[in-house]
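What follows is one structure encoded as structure tokens, with my remarks underneath.
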Amino acid sequence: MRPRLPGAAASVAALALLGSLVTACGSSGSDGTTLRLVAAEYGDSPATSSKAYWDRLTAAFTATHPGTKVEVTLLPWADVDREVTRMVKEGNAPDVALMGAYSDFAAQGRLYSADELLSVRSEANFLAPLAEAGSVDNTLYGLPFVASSRLLFYNQELFDKAGAKPPKTWSDLKEAARALKKEGVLYPYALPLGPEEAHAEALIWELSNGGGYTDSMGVYSIASERNAQTFDWIRENLVAPALTGPVPPAELNRKDAFAAFLRGQVGMVNGYPSLLHEAKAKGMKVGTLSMPVSDRLSEEEAPPSAGVADWMMAFKHDGNRERVGSFLDFVYQDDNLNEFAKRYHLLPSTVSATAASQYAADDSSAEQFLTALRSAQLYPVNDPSWLQVSNTIKLNIGKAVAPSADSKAVLEDIAQQTRDIANQR
């Protein structure tokens, strides 16, 4: 799995037509004046394609940098990580890539560090949790581009009808789900632990019990006691009493859970800013709040929200450092970054862009996402094994809440596969 932004659309047939585009009269391949960027496509149709954004940005950049050309290739999210990896292996790495992972390339010594590219001000401008996730051995290689945090969404009309209250603890969540079920809500709590993005839902729950994928030293702790307790609780209190809907959690994908939420069939689901935008566009009354916490936690324990980011990275080529640095400084100007974030209802990655953003002003609930992002826990994307580890989690974590499952055994199996992956590197 890539730690891609959930709001970024998956590959669709229409995007095959967008596979490669050239802006600012770029030529194929680098000729010493052409900068090659491979970027994920964030749109879900030609009308919402990222092409318009990159056309405008590269035209503005080349107008102030005579003699420099920019060639942009857009690839669907389902393909971009694999295709860039292929390019690198074939000795044809782009100058810059925007995708879901960076640390494998950093471990191979193929990337410039931020201090080799950006001004001191630009390097220090990234939001702290994003900069931490983008760093390997305290050196920033993955430049966060846009980000997202997660909050619990609830359908206010369904809650009012059921007489349910917004939950603050797991017990509250269970009681609200029971009330919603009595009113015939199809999915009192939608639990998407299917292979599309199970790692995200799992992390949200783990964090709310003081757990997570890694310990305080950054070492994988997937089979920790707290994580086992978390999945035991979910199985016994939500899955067993049929409070998670008609589809087994291991088979429910995020996009299907969100679609059901937008149809008014879901009482509660963890979501991100673009889902809130879609819901409000449909006239839905939606409440948002931090993920309810385990009853085991003390009042002093305040677990972080889950966050995700996508990453810019710059590949080393003879003579391209100055050109790439100038381009990235331009990309990370507040207006340019905010234009992209607003276009896809995501969050900017820098302190100054966040302060300058009209996002919170346009949407009163947006400040919750921004606040959550400032202290969010991200995936361990700075571990070169994360892509393979996350895929293992995606395919297996749903088994931990199956009716007859031994949660600890399932987590131990994932942990062993994680150790095997690390030993192969």
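The values are calculated or read from the model by the stated rules, or taken from the named source; none is laboratory data. Please read these numbers as outputs of a predicted model, since none were measured by experiment. For neighbour counting, all protein chains shown are included, and Cβ atoms are generated from backbone atoms with ideal geometry for every residue, glycine included. Heavy atoms of the whole protein, side chains included, go into the accessibility calculation; ligands, DNA and RNA do not. Shrake-Rupley method; radii C 1.70, N 1.55, O 1.52, S 1.80 Å.
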Problem set entry | Residues of segment 236-257 that turn out to be open to solvent by 60 Å² or more (accessible area, probe 1.4 Å), touching a residue at least 60 places away in the same chain (Cβ under 8 Å) and not aliphatic (A, V, I, L, M), as a count | 5
For this session: Could you check how many residues of segment 91-129 are closer than 14 Å to TYR332 by Cα and in contact (Cβ under 8 Å) with a residue 24 or more places away in the chain?
Result: 10
Exercise. What residue, among those in segment 73-88 that are of a type outside the set (A, V, I, L, M, F, W, C) and outside any loop (DSSP other than H, G, I, E, B), is surrounded by the most Cβ atoms within 10 Å (Cβ to Cβ)?
Worked result: THR73
For this session: May I ask you to verify whether SER216 is without any contact (Cβ under 8 Å) to a residue 40 or more places away in the chain and not acidic (Asp, Glu)?
Result: yes
Problem set entry | Scan of segment 89-106 for residues that are more than 16 Å from ARG36 (Cα to Cα) and either part of a strand (DSSP E or B) or open to solvent by 70 Å² or more (accessible area, probe 1.4 Å) (or both), ordered by number | LYS89
For this session: Tell me which residues, restricted to segment 394-414, are under 17 Å from ILE234 (Cα atoms) and either open to solvent by less than 10 Å² (accessible area, probe 1.4 Å) or polar (S, T, N, Q) (or both).
Result: ASN396, ILE397, GLY398, ALA400, VAL401, SER404, SER407, LEU411
Problem set entry | Filter result (part of a helix (DSSP H, G or I), of a type outside the set (D, E, K, R) and under 21 Å from the mean Cα position of the chain (by Cα)) within segment 173-226 | ALA198, HIS199, ALA200, ALA202, LEU203, ILE204, TRP205, LEU207
